[in-house]
Amino acid sequence: MKILGIIPARYASTRFPAKALATIAGKTMIQRVVEQAWQAETLSGVVVATDDERIASHVRSFGGEVVLTGTHHQSGTDRCFEALQKSGTTVDYVMNIQGDEPFIQPAQINLLASVLDGKTELATLVKVIDDAVTLSNPSTPKVVLNTRGEALYFSRQTIPYQRDKSPDEWLQHHQYYKHIGIYAYRSDVLAAITELPPSPLEKAEALEQLRWLENGYRIQAVVTEYDSHGIDTPEDLERVAERFL
């Protein structure tokens, strides 16, 4: 399978403007993401999709490939599709690698690629939740899986609710998963889902993947041992940098 890694990176982030160009121990965040993606042998190429020439120029300066996209996109998924169209590349799958995940592991990318067999429509990573704080945090989307490892539902609430157990016992009696926000889309499915209007469940939870489920698409989940370390604010950057560097 030919898989193109696309890294969406917009400039005007509400909580952290220009965060793609923020520096972590001498390298920008976007450079760190690109260099991690380069190490994943399952990708046929890596492209940064950005709406800003400052980011584009920087990516070119360290040898990265870049596609300039519009400023109107509401999601990284939409930006990925425009980048694919403009790249002129024919691929089986596109992998959306978050531009604010400077510590994404090549092994995570390779793991997700391992289920892209032509039949898989969409795929993403999940991780077992092992602490009560994460379980109850609405900023951490949870996901329920079926017996085939496909997503049944994503929610900011703790699901499933255990009727006969107190919340402090839930982790002892059920395996919960958090969503790790890296996606793979079969190319024809990517084209189709960008044409879908926002759905009621998506609007309720502010989770775009619910639009795909609500329209009948299947999302294969793969369990990873690596956690997610997305950076949304300058405080996140400071915390993560201190932890890992």
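Structural remarks
- Among the candidates ALA184, ALA191, residue that is of a type outside the set (Lys, Arg), farther than 20 Å from LEU135 by Cβ and assigned to a helix (DSSP H, G or I): ALA191
- One residue stands out in the stretch 61-110 among those that are among the small types (Gly, Ala, Ser) and touching a residue at least 40 places away in the same chain (Cβ under 8 Å): the one that is farthest from GLU41 (Cα to Cα), namely SER75.
- For HIS58, the conditions (1) within 20 Å of the chain's Cα centre (by Cα); (2) without any contact (Cβ under 8 Å) to a residue 40 or more places away in the chain all hold with the exception of (1).
Results for (1) farther than 24 Å from ILE104 by Cα; (2) touching a helix residue (DSSP H, G or I) at 6+ places or on another chain (Cβ under 7 Å); (3) modelled with pLDDT of 95 or more, shown as yes or no for each residue.
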{"site": "SER155", "(1), (2), (3)": "no, yes, yes"}
{"site": "THR158", "(1), (2), (3)": "yes, yes, yes"}
{"site": "TYR161", "(1), (2), (3)": "yes, no, yes"}
{"site": "LYS178", "(1), (2), (3)": "no, yes, yes"}
{"site": "ALA191", "(1), (2), (3)": "yes, yes, yes"}
{"site": "GLN220", "(1), (2), (3)": "no, no, yes"}
{"site": "TYR226", "(1), (2), (3)": "no, yes, no"}
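- Restricting LYS127, LYS142 to those that are among the basic types (Lys, Arg), over 21 Å from GLU214 (Cβ atoms) and in contact (Cβ under 8 Å) with a residue 12 or more places away in the chain reduces the list to LYS127.
- Candidates are the residues of the stretch 68-90 that are surrounded by fewer than 20 Cβ atoms within 10 Å (Cβ to Cβ) and touching a strand residue (DSSP E or B) at 6+ places or on another chain (Cβ under 7 Å); the one that is farthest from GLU238 (Cα to Cα) is THR89.
- Taken over the stretch 32-54, the criterion of being in contact (Cβ under 8 Å) with a residue 40 or more places away in the chain, of a type outside the set (Asp, Glu) and not in a strand (DSSP E or B) is satisfied by ARG32, VAL33, GLN36, ALA37, GLN39, ALA40, THR42, LEU43, SER44, ARG54.
- If you filter the stretch 78-102 down to residues that are modelled with pLDDT under 95 and not in a helix (DSSP H, G or I), you find that the one that is farthest from HIS58 (Cα to Cα) is THR90.
- Checking each residue in the stretch 92-107 for being in contact with a Leu (Cβ under 8 Å, 6 or more places away or on another chain) and surrounded by fewer than 22 Cβ atoms within 10 Å (Cβ to Cβ) picks out only ASP92.
- Screening LEU207 on (1) buried (at least 16 other Cβ atoms within 10 Å of the Cβ); (2) within 22 Å of SER114 (Cβ to Cβ); (3) at pLDDT 95 or above; (4) not polar (S, T, N, Q) shows it passes everything except condition (2).
- Within the stretch 216-240, residues that are assigned to a helix (DSSP H, G or I) sit with their Cβ atoms under 7 Å from residues that are crowded, with 19+ Cβ neighbours inside 10 Å and not small (Gly, Ala, Ser), at 6+ positions apart or across chains, in these pairs: LEU237/ILE231; VAL240/ILE231.
The values are calculated or read from the model by the stated rules, or taken from the named source; none is laboratory data. The shown structure was predicted, so the numbers you read here are calculated from the model rather than taken from an experiment. Cβ sites come from the backbone with ideal geometry, for glycine too, and all protein chains shown count toward neighbours.
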